[in-house]
Amino acid sequence: MTQTLVSPPTSRPVPRRPAARPTLSATRRKHVAAYAFLLPFLLVFVTMLVVPLVYAGYLSLFTQQLVGGNAFVGLGNYARALTDPRFVEGVGRMALFLVIQVPVMLVLALLFALALDSGRVRGGRFARVAIFVPYAVPGVVTTLMWGYLYGRNFGPIAQAFEALGLDAPDLLSSSTILGSIMNIVTWQYIGYNMVIMYSALRAIPQELYEAARIDGAGQYRIAWSIKIPAIRSAILLTVIFSIIGSFQLFSEPKLLYEIAPNAIGRSFSPNLYAYNLAFVDQDVNYSAAIAFLLGVVIMIVSYVVQLSTTHRERKAAHR
């Protein structure tokens, strides 16, 4: 009697049902929740930025007359500002400030960031905090502190020169005040820019350094050929921030004006000039036009710097 073997039935995979798509009401609830979270920011943004800008633009199109009140002048205030020697001199002074102070500050910040990233600085954490601390000091306190140090009659710098039998320099004169303000801004913002560059350096893969060392590259070669090109975007960011900050200079000349009014004047910087026009001369219409023109100057300079940097990177990529 022969026995036949019956093979067990093969189990077929059960087809999975497609995942149920979210219903329209669930998607709509997600969108509503997202906009609900964004609503506080949008309200603050519109209330604190958009509305004041629109109102300032509206004011800049009028002028205050002794008889008849406000009169519409269109772009008359802007044409007046372009021929105003005080405004033009202030913009030129800030351009000189930008050309001299910003490169010095960013080069020092880059050197500090490279030194800390190399790991050869003793007490790296303490050095990082010490360099950043001036940025944490309020600008008013910083300016008052340096104003005291600059004082020719009571400042420690003048006393040190007199102790050495030398003539104390007048660091608050009309010929030196711009350099004195450059020193204040540089001292305060080196740490801020250094942190941005140092953070970008820490994101570079360590394998690049190891490969460069195998090829015989030293610290200086690695810094010049690997580190600096790798953080170009961070450097460009600090350049843009520094350009904006240079043309918006206000606190330092405003506070030093109380100490050295003959050296600073009411129109030392465009921001200080606009402030005095609005709150001292009560000419808010012309002040609004000055503020808008300053914003245009900042946008043009920032765009030119960014465009030139992008053009150089494209040229380097095609080589």
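The values are calculated or read from the model by the stated rules, or taken from the named source; none is laboratory data. Keep in mind that this is a model prediction, so the values were computed, not measured. We place every Cβ from the backbone using ideal geometry, glycine too, and count neighbours over all the protein chains shown.
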Across region 154-172, which residue is nearest to ILE264 (Cα to Cα) among those that are over 35 Å from the mean Cα position of the chain (by Cα) and not in a helix (DSSP H, G or I)? ASP167
Taking region 281-304, which residues are farther than 21 Å from TYR58 by Cα and either aliphatic (A, V, I, L, M) or touching a strand residue (DSSP E or B) at 6+ places or on another chain (Cβ under 7 Å) (or both)? ILE300, VAL301, VAL304
SER175: passes all of (1) of a type in the set (S, T, N, Q); (2) touching a residue at least 24 places away in the same chain (Cβ under 8 Å); (3) not in a helix (DSSP H, G or I) but (2)
Matching residues, region 34-82, being farther than 25 Å from PRO270 by Cα and in contact (Cβ under 8 Å) with a residue 40 or more places away in the chain: none
Is it the case that region 237-250 has a residue that's closer than 30 Å to GLN65 by Cα and assigned by TED's automatic domain parsing to the domain that holds PHE87? yes
In the list ALA260, ALA288, which residue meets the criterion of being surrounded by 19 or more Cβ atoms within 10 Å (Cβ to Cβ), touching a Gly at 6+ places or on another chain (Cβ under 9 Å) and modelled with pLDDT under 90? ALA260
Residue ID - farthest from TRP146 (Cα to Cα), chosen from residues in region 240-257 that are surrounded by fewer than 18 Cβ atoms within 10 Å (Cβ to Cβ) and of a type in the set (Val, Ile, Thr): ILE240
ALA36 meets each of (1) within 22 Å of the chain's Cα centre (by Cα); (2) small (Gly, Ala, Ser); (3) over 21 Å from ILE244 (Cα atoms) with one exception, condition (1)
If you check every pair at least six apart or on different chains, which have Cβ atoms under 6 Å apart with a residue in region 112-132 that is free of Cβ contacts under 8 Å to residues at least 40 places away in the same chain first and a residue that is part of a helix (DSSP H, G or I) second? VAL121/ALA115; VAL121/ALA127; GLY124/LEU116
Being in the same structural domain as LEU256 (by TED's automatic domain parsing), acidic (Asp, Glu) and surrounded by 13 or more Cβ atoms within 10 Å (Cβ to Cβ), is that true of even one residue in region 203-210? no
From the list SER233, SER225, SER251, SER199, which residue is in contact (Cβ under 8 Å) with a residue 40 or more places away in the chain and either in contact with an Asp or Glu (Cβ under 6 Å, 6 or more places away or on another chain) or of a type in the set (Ser, Thr, Tyr) (or both)? SER251
Selection from region 115-138 of residues aromatic (Phe, Trp, Tyr) and surrounded by 14 or more Cβ atoms within 10 Å (Cβ to Cβ) yields PHE132, TYR135
Of (1) touching a Leu at 6+ places or on another chain (Cβ under 8 Å); (2) touching a residue at least 40 places away in the same chain (Cβ under 8 Å); (3) of a type in the set (A, V, I, L, M, F, W, C); (4) within 30 Å of ARG93 (Cα to Cα), ALA274 satisfies all except one. Which? (2)
Only helices (runs of 4 or more DSSP H) wholly contained in region 178-262 count here; list those with 3 or more residues that are of a type in the set (Lys, Arg). none
Tell me, yes or no, whether region 74-97 has at least one residue that is of a type outside the set (Phe, Trp, Tyr) and in contact with a strand residue (DSSP E or B) (Cβ under 8 Å, 6 or more places away or on another chain). yes
